[in-house]
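What follows is a single structure, written as C-alpha cells, with notes after it.
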Amino acid sequence: MLQNDLILRAARGEEVERIPVWLMRQAGRILPEYREVRAKAKNFIEFVKNPEMAAEVTIQPVDILGVDAAIIFSDILVIPEAMGLPYQMIESKGPHFEKTIQTANDIDELHISSGEELKYVTDAITLAKKGLNGRVPLIGFCGAPWTLFAYMVEGSGSKTFSKAKKFLYTHPDLSHKLLEKIALSSINYLKAQIAAGADMLQIFDSWAGVLGKEQYLEFSLKYISMICDGIGQQVPVTVFAKDAHFAIGDIAKLKCNTIGLDWTMDPQVCRTLAGNKTLQGNADPCMLYADEKTIETEAKKMIAAFGKQRYIANLGHGLYPDTDKNKVKYFVDCIRGL
Ligand code: CP3
C-alpha cells in the first residue's frame, strides 16, 4: 500500500537500501507555502482545529522538500486543552495558559481525554492519508507527560521550568496524579491516531533535559513507559527526549523502536547504549545556516557516524523558523544521495 516505507523498515530494524530522512518541525515555520495557508486562519488554534488546512500543510514538505515521511500538523498542547486546560498561542512569543495547575482541586477538575475531543486531529490524519495516497508514511505524535506537565504548571515556556520543578519537589504525590492523567489521555489519543491511519508515532519530551536522572526516571520515563505499554506496539514508536543523555540506556528498555537524539549526543556512544534500537537524529538545526559545502560535509559526517542501517536521518531538534528552505532541501537531497 505504501510506495515508500523506508522509515518504517528502518524503525523496525529491517534492511534499507537508502537512509530515510525527515525533519522535526518540517510542517510549517520555514515554508512560504505554509504561511499562505496559515494566513487564512484567525489564529494558530483555529488553524490546528481545521482538518483541511492541517492536512494541506502536512503534505507540503513531502512535495517541496522530498522527505520520506509526513508528520501531522498539530501541536503537543492539544492534550491539555482536551483535558480542560485551554491555551493561547501568542504570536512570536509562544504558548500561554490563562489558568495553570496549582492545587489538588485543579488536578481533580481535569478529565482524562477519551481522544474524542481531538477528533479534529484524527480527521486531519484521515484527510492527510488520503492526500498522501501512499507516497510516504504519516507520523502521529504527542508530547511526553512531563513536557505537558511543565507547560500546565508553568503556564508558558521557560528556560528553567523552575515552577514546574518546584511542584515536583513540593507535591510529588499530586505530580504523579497529574502525570498519570496526562499519560492515560495520551494513550487514548495515540490509539485514535493509529485508528485514523497514523503509520508511526513520536513522543516529544522537549524538556527532558531540565530534570536530573533520578527525577527523570521517576516523573518522566515512568509515564512514557506507560504510554508505550498502553498503545501496544501496533505501529513503530520513537521516543525523543531532548538533552536526556543520562537516560538513553533506560529509554532503550522501553517498548519503543527508535530513540531520537539531539546534536550533543555522540552517535557511537548512543549505539552502545541503545542496544538494537534504531537511532534518529541528530544534526544541529543551526548547521543549516551554513553554506552548502558545510551542509554536505556535516551530512556525510553524520551518516558515517551512524551507519546506514537502524538509522533515520533528522535534526537534533526542530527547524528554526528563519532557516532558508533551499538549504533545508539541500540537506535532504544530500542524505538521499548518500
Ligand atoms: O513538524 C511540524 O511542524 C509538525 C507540527 C508541530 C508543531 N508543534 C506545530 C507548531 C509539532 C510536532 C509541534 C510539537 C511541539 N509544540 C513541541 C515539541 C517539539 C519541540 O519543538 O520541542 C513543543 C515543545 C510545542 C509547543 C509549542 N508550539 C511552542 C513552544 C510554540 C511556539 C514557538 C514555535 O515553535 O514557533 C508552538 C507553536 C507552533 N507549533 C508553531 C507551529 C508551526 C508556530 C506557530 C505559528 O505557526 O503561528
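The values are calculated or read from the model by the stated rules, or taken from the named source; none is laboratory data. For clarity, every value in this text was computed on a predicted model and none was experimentally measured. A quick note on method: Cβ atoms are made from the backbone with ideal geometry, for glycine too, and the neighbour counts reach across all protein chains shown.
Whenever a residue of segment 227-240 is in contact (Cβ under 8 Å) with a residue 24 or more places away in the chain and within 12 Å of Gln193 (Cα to Cα), its partners that are among the small types (Gly, Ala, Ser) and buried (at least 20 other Cβ atoms within 10 Å of the Cβ), lying with C-beta atoms within less than 7 angstrom and at least six residues away or across chains, give the pairs Val235/Ala198. The requirement of being modelled with pLDDT of 95 or more, in contact with a helix residue (DSSP H, G or I) (Cβ under 9 Å, 6 or more places away or on another chain) and under 30 Å from Gly307 (Cα atoms) is satisfied by Val21.
Within segment 280-299, how many residues are of a type outside the set (Phe, Trp, Tyr) and part of a helix (DSSP H, G or I)? Total meeting the criteria: 12. Within segment 38-66, residues that are more than 24 Å from Tyr87 (Cα to Cα) have Cβ atoms under 8 Å from residues that are of a type in the set (A, V, I, L, M) and near the ligand (Cβ under 8 Å from one of its atoms) in these pairs: Gln60/Ala27; Pro61/Leu23; Pro61/Ala27; Leu65/Leu23, counting only partners at least 6 apart in sequence or on another chain. Within segment 243-252, at least one residue is over 17 Å from the mean Cα position of the chain (by Cα), more than 12 Å from Phe204 (Cα to Cα) and part of a loop (DSSP other than H, G, I, E, B). Checked against (1) among the acidic types (Asp, Glu); (2) more than 16 Å from the ligand (Cβ to nearest atom); (3) buried (at least 17 other Cβ atoms within 10 Å of the Cβ), Glu154 passes all but condition (2). Looking at this structure, is Thr294 surrounded by fewer than 22 Cβ atoms within 10 Å (Cβ to Cβ), over 21 Å from Ile7 (Cα atoms) and away from the ligand (no atom under 14 Å from the Cβ)? Spelling it out, Thr294 is indeed surrounded by fewer than 22 Cβ atoms within 10 Å (Cβ to Cβ), over 21 Å from Ile7 (Cα atoms) and away from the ligand (no atom under 14 Å from the Cβ).
In segment 40-53, the qualifying residues are those that are of a type outside the set (S, T, N, Q) and within 10 Å of the ligand (Cβ to nearest atom), and the one that is farthest from Thr238 (Cα to Cα) is Ala41.
Go through the residues of segment 314-325 one by one and say whether even a single one is surrounded by fewer than 22 Cβ atoms within 10 Å (Cβ to Cβ) and in a helix (DSSP H, G or I). The answer is yes; a qualifying residue exists.
Looking across segment 224-238, the residues that are within 16 Å of the ligand (Cβ to nearest atom) and within 19 Å of Pro80 (Cβ to Cβ) come down to Ile224, Ile227. One residue alone among Glu14, Glu56 is more than 8 Å from the ligand (Cβ to nearest atom) and either farther than 24 Å from Tyr311 by Cα or part of a helix (DSSP H, G or I) (or both), and that residue is Glu56.
Say whether the condition of being in a strand (DSSP E or B), touching a residue at least 60 places away in the same chain (Cβ under 8 Å), within 10 Å of the ligand (Cβ to nearest atom) and touching a strand residue (DSSP E or B) at 6+ places or on another chain (Cβ under 6 Å) is met by at least one residue in segment 69-89. The answer is yes; a qualifying residue exists.
Arg25 falls short on exactly one of the conditions (1) within 19 Å of the chain's Cα centre (by Cα); (2) near the ligand (Cβ under 10 Å from one of its atoms); (3) among the basic types (Lys, Arg); (4) over 16 Å from Leu138 (Cα atoms), and that condition is (4). Selection of first residues in segment 305-324 that are touching a residue at least 60 places away in the same chain (Cβ under 8 Å) and closer than 16 Å to Ile295 by Cα and of second residues that are among the β-branched types (Val, Ile, Thr) and in a loop (DSSP other than H, G, I, E, B), restricted to Cβ pairs under 6 Å at least 6 apart or on distinct chains, gives the following pairs, ordered by first then second residue: Ala313/Ile19; Leu319/Ile30; Thr323/Ile30. Please go through segment 180-207 and pick out each residue that is within 26 Å of Thr103 (Cβ to Cβ), in contact with a Lys or Arg (Cβ under 8 Å, 6 or more places away or on another chain) and not polar (S, T, N, Q). Scanning segment 180-207 gives Asp205, Trp207.
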